[in-house]
1. Of the residues 103, 168, 86, only one is small (Gly, Ala, Ser), exposed (fewer than 12 other Cβ atoms within 10 Å of the Cβ) and out of contact with any Asp or Glu (no Cβ under 6 Å at 6 or more places or on another chain); which?
2. Given the conditions (1) surrounded by fewer than 20 Cβ atoms within 10 Å (Cβ to Cβ); (2) out of contact with any helix residue (DSSP H, G or I) (no Cβ under 9 Å at 6 or more places or on another chain), and given that residue 134 satisfies all but one, which numbered condition is not satisfied?
3. Considering each of 36, 92 in turn, give the residue that is modelled with pLDDT of 90 or more, farther than 18 Å from residue 112 by Cβ, loosely packed, with under 13 Cβ neighbours inside 10 Å and not aromatic (Phe, Trp, Tyr).
4. If you take just the strands (runs of 3 or more DSSP E) that sit entirely in the stretch 68-181, which of them hold at least 2 residues that are farther than 18 Å from residue 43 by Cα, in contact with a strand residue (DSSP E or B) (Cβ under 7 Å, 6 or more places away or on another chain) and not small (Gly, Ala, Ser)?
5. Residues being among the hydroxyl-bearing types (Ser, Thr, Tyr) and modelled with pLDDT under 70: count how many of those fall in the stretch 50-71.
6. From the list 61, 129, 111, which residue is buried (at least 18 other Cβ atoms within 10 Å of the Cβ) and more than 20 Å from residue 168 (Cα to Cα)?
7. Could you count how many residues in the stretch 161-181 are touching a helix residue (DSSP H, G or I) at 6+ places or on another chain (Cβ under 6 Å) and of a type outside the set (D, E, K, R)?
8. Restricting attention to the stretch 3-33, which residues are assigned to a loop (DSSP other than H, G, I, E, B) and either among the aliphatic types (A, V, I, L, M) or over 25 Å from residue 115 (Cβ atoms) (or both)?
Amino acid sequence: MHDYWHAVAMLRLDRPRGLTELEACFGGGKAAEGLVGFRRGRLLATTWGYGLDGAFEGIARLWLPWRGKEFSRQAAEGVNLFTPGGRRAIRVVFPRYAGLADGEEGASGFRFATSIGPSATDPGLTVLRLDYRSVEENPAAARRVLDELVQIDHGLFLGQALYKRRGGLGRVAWFALEADG
């Protein structure tokens, strides 16, 4: 296994090297199978480019309403979980989105279907795909997203968020999921 924690540390010290190391960690992972329940999320880096990454990551360090993901193996699907403030922000950005549900600690929304298959960026790598594209209740922007997840250590999962742009799917972020507690 490549050193995930070193890669995360390098994102602040030498961003290009940290991103390269995250990609190596991802390529060395195995498909995340059997996930059930809540997994705490952490945004590691965005890769939108065009000067957007520094601004977005700076804002995310101050306030990131995304808490993680909840998985239902029986239904082969899951949802993203948000803070109460995140719920309000989603209502402002997507006022007609009917898939947002209130919960005890915030809200859930942006449902995804799960399946095991080849990575869109490395067809030789098997990943857990979190596919938002076929969920009609999701806003149009969310229906352009495919997350891919691999297990890199016991209870630790590395994900890449892919976004459909002109020319196909491109990576826009790295994130991690861990068991809560």
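The values are calculated or read from the model by the stated rules, or taken from the named source; none is laboratory data. Computed from a predicted model, the values in this text were never measured in an experiment. Every residue, glycine as well, gets a Cβ built from its backbone with ideal geometry; the counts of neighbours run over all protein chains shown.
1. After ruling out the rest, the residue left standing is 168.
2. Looking at each condition in turn, residue 134 falls short on (2).
3. Checking each option against the conditions leaves just 92.
4. Of the strands (runs of 3 or more DSSP E) lying wholly inside the stretch 68-181, those with at least 2 residues that are farther than 18 Å from residue 43 by Cα, in contact with a strand residue (DSSP E or B) (Cβ under 7 Å, 6 or more places away or on another chain) and not small (Gly, Ala, Ser) span 106-118, 126-131.
5. 0
6. 111
7. Counting residues in the stretch 161-181 that are touching a helix residue (DSSP H, G or I) at 6+ places or on another chain (Cβ under 6 Å) and of a type outside the set (D, E, K, R) gives 2.
8. 3, 14, 32 - these are the residues of the stretch 3-33 that are assigned to a loop (DSSP other than H, G, I, E, B) and either among the aliphatic types (A, V, I, L, M) or over 25 Å from residue 115 (Cβ atoms) (or both).
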